[in-house]
Structures are given as C-alpha cells and as structure tokens.
Amino acid sequence: MKNRYSQRVSVDCSVMFAGENVVAEGRILDLSLPGCLMESSKKMSAGEYIQLRLFLPDYQAPLHIALAAIRWAEGSKVGIEFIRTSQPEQHRLEQFVRRSSGYDGSSTLSDRGVLAGIKWDEKQS
C-alpha cells in the first residue's frame with residue numbers, strides 16, 4: 001500500500017456522482033487533496049470512473065471533480081482518487097483541506113502531478 005502524502009480530514013457532506021451507468025448520491029466521510037472516502041447505497045467497483053459534485057460545508061457552490069476513479073470498494077464505502085478538475089476548483093479544494101487540517105501547503109497538487117489537468121487520453125497511456 002502507498003504511503004499517504006496528504007493528510008485526510010474528516011468531513012460529513014453530501015455528494016452527487018455520475019458514471020457511465022449510474023447517477024446517485026452519497027456522503028463524503030473524509031477528504032484529502034488527492035481523493036476521498038465516500039459512502040453510498042449504490043454499489044460501485046474498483047476501476048470505475050465518475051464525476052463528483054461535493055457539497056462542502058463552506059456554503060459555496062458544489063465543488064466539481066470532472067474525473068475521478070474508484071480505487072477500492074468495500075460494502076457501501078469506496079476510496080476515490082481525483083484525477084481531473086479545473087484550476088479554481090483545485091485551489092478551492094487545497095484551501096478547504098488546509099483550513100480543516102492545518103496542512104502546511106509546502107507543495108501544491110500541481111507540483112505532485114495530481115489534478116493538474118490530466119487529460120483522459122494521457123491517463124489511459
């Protein structure tokens with residue numbers, strides 16, 4: 001298992017997600033810069049790709065993750081890796097995690113190649 005390079009913060013917020021054959025709702029239980037833990041009654045499998053709209057408790061518009069991958073699934077919980085989102089959404093996510101966790105921000109997601117606008121075709125190669 002990989003070591004985490006980003007602290008996870010506990011949250012309890014709603015999420016809407018959509019994939020190739022699914023549109024459903026769930027709860028985000030924890031959040032980090034590269035991903036989240038989601039709980040949903042909708043059964044998901046590792047390897048599926050989805051889009052997410054996270055309703056963070058910051059009272060702003062939902063945070064949109066344009067492309068994410070289910071990395072593991074166990075019962076009603078799934079581990080999700082964020083693959084692509086816009087720069088403003090990436091910045092908002094970074095700020096939210098920093099405020100919630102005390103994350104020092106010594107490197108940005110772009111520095112690590114996460115959420116840096118990876119195109120679908122690039123990810124597939």
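Values as computed for the structure displayed
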| read-out | value |
| --- | --- |
| Hey, SER14 within 18 Å of VAL97 (Cα to Cα), polar (S, T, N, Q) and out of contact with any Leu (no Cβ under 7 Å at 6 or more places or on another chain) or not | yes |
| Search result, residues across segment 52-77 that are closer than 16 Å to LEU29 by Cβ and not in a strand (DSSP E or B) | LEU56, PRO57, GLY75, SER76 |
| Selection from segment 36-70 of residues that are of a type in the set (Lys, Arg) and surrounded by 14 or more Cβ atoms within 10 Å (Cβ to Cβ) | LYS42, ARG53 |
| Residue within segment 37-49 that is touching a Leu at 6+ places or on another chain (Cβ under 7 Å), of a type outside the set (Val, Ile, Thr) and at pLDDT below 95 present | no |
| SER14, sole failed condition from (1) part of a strand (DSSP E or B); (2) surrounded by 15 or more Cβ atoms within 10 Å (Cβ to Cβ); (3) in contact (Cβ under 8 Å) with a residue 40 or more places away in the chain | (2) |
| Which numbered condition ASN21 fails, given (1) within 18 Å of GLN95 (Cα to Cα); (2) of a type outside the set (Lys, Arg); (3) without any contact (Cβ under 8 Å) to a residue 12 or more places away in the chain | (1) |
| Cβ pairs under 8 Å, 6+ apart, first in segment 39-53 and of a type in the set (A, V, I, L, M, F, W, C), second part of a loop (DSSP other than H, G, I, E, B) | MET44/VAL22; ILE50/VAL22; ILE50/MET44 |
| Selection within segment 78-92 - of a type in the set (D, E, K, R) and either surrounded by fewer than 19 Cβ atoms within 10 Å (Cβ to Cβ) or outside any strand (DSSP E or B) (or both) | GLU81, GLU89, ARG92 |
| Count - residues of segment 22-34 that are among the small types (Gly, Ala, Ser) and at pLDDT below 95 | 1 |
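The values are calculated or read from the model by the stated rules, or taken from the named source; none is laboratory data. The structure displayed is predicted, hence computed values, not measured ones. Neighbour counts run over all protein chains shown; Cβ positions are idealised from the backbone, glycine included.
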